[in-house]
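Read the structure below first, then the notes.
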Amino acid sequence: MTEIVKADELIRTLKGSENALEREQAARALGHLGDQSSVSALVEALADPNKGVRKAVIWALEQLRDQRLVEGLINDLSHEDPDVRRAIVNILGEIGDRDAIDPLCNMLTDENLYVRKEAIVALALIGDWKAVDPLIDRLQDSDLYVRQEAVKALGELGEMRAELPLKALLENEPELIVRHEIKVALARLAGGD
């Protein structure tokens, strides 16, 4: 009973305190407490204006890993705030649950380039070849850093289906940093790690 009361108090502090340090401490305490009832409040707090609070919330959510958390996070991928979407994508990658692969692949077309980039990183962390074709599609992204991250992820995944698209991109890619990453990825695919 005292844990429930404590969680409720911490959630009230997280949602209502004007002091960023108090909100950050509440988030960390919720992570330590491990009470699954705090997940929705923590997900809402991903939009906190304070970076320290957001970091604490991400840490707390990572402590609460379980299937319900993954499902809840997947449902929140449509959040209006791109910073929240990016944080959720990051957490899903860290958790590494394969149920997140399709939703993360959908995030590869998000309007926000940072969300797209984080989705690529998350998919590379999970490491499932199911993501290869959607990642190949990102080789044509308008943002050079998204293309660079897609190339890097394809090299890490090591799936030979990526070889021809990477070679084609190498011929047409105007950005030196992306061309360099393509050469590294192709070397990995060839076994040169």
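Here are a few things to note about the model shown:
- Fewest-first sequence of Met160, Met107 by Cβ atoms within 10 Å of each Cβ: Met160, Met107
- Modelled FRET efficiency - R0 30 Å, Ala190 with Asp143, Cβ distances, 0.05 increments: 0.65
- With the simple spin-label model, which puts each label point 7 Å out from Cα in the Cβ direction, the Lys51 to Leu113 separation comes to 1.9 nm.
- Cβ crowding within 10 Å ranks Leu123, Leu157 as Leu157, Leu123, fewest other Cβ atoms first.
- Taken as Cα centroids, segment 84-104 and segment 28-68 sit 15 Å apart, rounded to the nearest whole angstrom.
- When Thr13, Thr109 are sorted by how many other C-beta atoms sit within 10 angstrom of their C-beta, beginning with the fewest, the order is Thr109, Thr13.
- Percentage, to the nearest whole number, of Cα pairs in the chain over 21 Å apart: 54
- The loop-placed GluC sites (Glu not before Pro) in segment 134-193, going by DSSP, that have at most 14 neighbouring Cβ atoms within 10 Å of their Cβ come out as Glu175.
- Of Lys15/Lys55; Lys130/Lys167; Lys6/Lys55; Lys15/Lys117; Lys55/Lys130, those spanning more than 25 Å from alpha-carbon to alpha-carbon: Lys15/Lys117; Lys55/Lys130
Rule-based calculations on the coordinates, nothing more; no lab input. Source: prediction; values computed, not measured. Note that each Cβ is placed from the backbone with ideal geometry, even for glycine, and that neighbours are counted across all protein chains shown.
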